[in-house]
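The values are calculated or read from the model by the stated rules, or taken from the named source; none is laboratory data. Since we're looking at a predicted model, the values are computed, not measured. Backbone-built Cβ (ideal geometry, glycine too); neighbour counts: all protein chains shown.
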Amino acid sequence: MLLDVKDLSIHYYTLSGVVRAVEGVTFSIDKKEWVTFVGESGSGKSTVASAIIRLVPPPGKIVSGQIMLEGKELLKLSEEEMRQIRGKDISMVFQDPMTSLDPLRKIGDQLVEAMTVHGVDEDEAKERAKELLEKVNIPPDRLDYYPHQLSGGQRQRVSIAIAMAFNPKLLIADEPTTALDVIVQDSIMDLIQSLKEEGTSIFFVTHDISLAAERSDKIAVMYAGKLVEFGTVEQIVENPLHPYTQALLNSVPDLWTEKPIKAIPGYPPDLRNPPRGCRFHPRCHVFAEKGELKGLCDAEEPMMIEYEKGHFVACHLYGGSRNE
């Protein structure tokens with residue numbers, strides 16, 4: 001086991017109230033495994049990603065849980081100890097490289113700094129920087145370019161090059177293809193796939209469940225701060241259990257069939273005051289259709305259960321009531 005996260009909860013303390021962004025999330029990632037977190041905007045995917053590398057932005061705070069990397073409890077490390085892990089054992093690629101690359105510094109300087117802060121000799125780091133750019137299909141002469149002189153896809157590849165500097169054990173990719181066209185998106189996904197093949201585990205974040213199905217080993221479905229379903233790609237795509245997972249799959253266009261696209265009704269809840277019981281029940285078609293669920297889904301929060309080997313779901317349709 002490479003990464004083991006247990007009962008992770010993260011709150012944002014704002015002037016208008018406490019935003020319960022992540023509540024009781026538990027999952028694990030094995031070595032050389034690709035796990036993708038999917039869900040609508042605001043579901044908590046990126047907050048979980050930030051927590052793993054301990055970069056939850058203020059006013060956010062990790063209020064409970066454990067984050068274990070090869071048995072080492074990351075939440076108990078000092079900031080200096082955590083700095084030694086960031087960029088070396090765990091690297092992160094952000095959604096918008098213009099927010100992670102310094103616009104006032106040449107990309108070569110930024111690549112070199114990512115290595116020298118971990119003790120690499122500067123001359124050695126410069127040679128390694130050239131190799132890294134070539135590996136992500138960018139000419140080495142671009143080392144003297146500033147981020148604004150590169151295209152969006154090139155900037156993202158530079159971010160991946162920085163993340164690749166030490167062949168990290170875990171790469172966190174937070175929606176790295178969102179602002180890119182499909183051709184560049186595919187090249188970025190190929191780059192991340194090559195890292196996995198070299199031994200790096202992948203924690204990938206996307207709102208696109210079809211993209212998750214193409215590359216992942218496992219998929220975790222988040223809704224309103226809760227992990228509602230977790231399993232292999234085959235389990236999630238071929239046998240989706242949670243109504244929210246089913247709704248996500250039904251909202252994806254299929255070029256090969258005439259299956260109509262179905263939008264998910266309503267909007268995600270305000271996490272300062274989430275719905276009682278299952279947080280999805282106000283938008284759930286099953287709850288609306290099955291009268292016997294009244295007084296259960298809207299009153300009691302479902303527990304995560306293992307429906308079949310490796311396939312977990314939090315939904316009253318499959319049990320999981322605290323009173324059982």
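Please go through region 288-307 and pick out each residue that is touching a helix residue (DSSP H, G or I) at 6+ places or on another chain (Cβ under 9 Å), part of a loop (DSSP other than H, G, I, E, B) and either surrounded by 14 or more Cβ atoms within 10 Å (Cβ to Cβ) or acidic (Asp, Glu) (or both). Residues satisfying the conditions are 290, 296, 297, 298, 300, 302. Hey, could you check region 155-192 for residues that are among the charged types (D, E, K, R) and at pLDDT 85 or above and say which is surrounded by the most Cβ atoms within 10 Å (Cβ to Cβ)? Residue satisfying both the conditions and the ranking: 157.
Scanning for something out of contact with any helix residue (DSSP H, G or I) (no Cβ under 9 Å at 6 or more places or on another chain), on the phi > 0 side of the Ramachandran plot and in a loop (DSSP other than H, G, I, E, B), does region 272-287 turn up at least one residue? No - not one qualifying residue is present in region 272-287.
One line per residue, one yes/no per condition, for (1) of a type in the set (Val, Ile, Thr); (2) touching a His at 6+ places or on another chain (Cβ under 7 Å):
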residue	(1), (2)
172	yes, no
185	no, no
193	no, no
201	no, no
207	no, no
221	yes, yes
232	yes, no
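Among the residues of region 194-216, some residue qualifies, meaning at least one is modelled with pLDDT of 90 or more, among the aliphatic types (A, V, I, L, M) and farther than 30 Å from residue 279 by Cα.
Taking the criterion of being closer than 25 Å to residue 17 by Cβ and of a type in the set (D, E, K, R), the only residue of region 60-77 that qualifies is 61. The listed residues are 108, 44, 119, and the only one of them that is over 25 Å from residue 213 (Cβ atoms), surrounded by 14 or more Cβ atoms within 10 Å (Cβ to Cβ) and of a type outside the set (A, V, I, L, M) turns out to be 108. Residues in region 130-158 that are outside any loop (DSSP other than H, G, I, E, B) and closer than 15 Å to residue 102 by Cβ: 7 in all. I'd like to check something: does region 308-319 contain any residue that is at pLDDT 90 or above, in a strand (DSSP E or B) and farther than 20 Å from residue 39 by Cα? Within region 308-319, one or more residues are at pLDDT 90 or above, in a strand (DSSP E or B) and farther than 20 Å from residue 39 by Cα. Report yes if some residue within region 52-71 is surrounded by 15 or more Cβ atoms within 10 Å (Cβ to Cβ), at pLDDT 95 or above and assigned to a helix (DSSP H, G or I); otherwise report no. Yes. Return the residue satisfying two criteria in turn: it lies in region 241-285 and is β-branched (Val, Ile, Thr) and at pLDDT below 95, and of such residues it is farthest from residue 13 (Cα to Cα). The residue in question is 257.
Scoring residue 284 on the criteria (1) in contact with a Pro (Cβ under 8 Å, 6 or more places away or on another chain); (2) under 17 Å from residue 20 (Cβ atoms) leaves a single failure, condition (2). Looking at this structure, is residue 188 among the aliphatic types (A, V, I, L, M) and in contact with a strand residue (DSSP E or B) (Cβ under 8 Å, 6 or more places away or on another chain)? The answer is no for residue 188.
Output yes when any residue across region 211-230 is without any contact (Cβ under 8 Å) to a residue 24 or more places away in the chain and either basic (Lys, Arg) or surrounded by 14 or more Cβ atoms within 10 Å (Cβ to Cβ) (or both), and no when none is. For region 211-230, residues without any contact (Cβ under 8 Å) to a residue 24 or more places away in the chain and either basic (Lys, Arg) or surrounded by 14 or more Cβ atoms within 10 Å (Cβ to Cβ) (or both): absent.
Between 264, 236, the distinction of being assigned to a helix (DSSP H, G or I), surrounded by 12 or more Cβ atoms within 10 Å (Cβ to Cβ), in contact (Cβ under 8 Å) with a residue 12 or more places away in the chain and among the β-branched types (Val, Ile, Thr) belongs to 236 only.
You will find that of 46, 41, 50, 9, the residue that is among the hydroxyl-bearing types (Ser, Thr, Tyr) and over 13 Å from the mean Cα position of the chain (by Cα) is 9 and no other. Restricting attention to region 75-100 and to residues that are among the hydrophobic types (A, V, I, L, M, F, W, C) and modelled with pLDDT under 90, the residue that is surrounded by the most Cβ atoms within 10 Å (Cβ to Cβ) turns out to be 94. For residue 229, the conditions (1) closer than 27 Å to residue 284 by Cα; (2) acidic (Asp, Glu); (3) part of a helix (DSSP H, G or I) all hold with the exception of (3).
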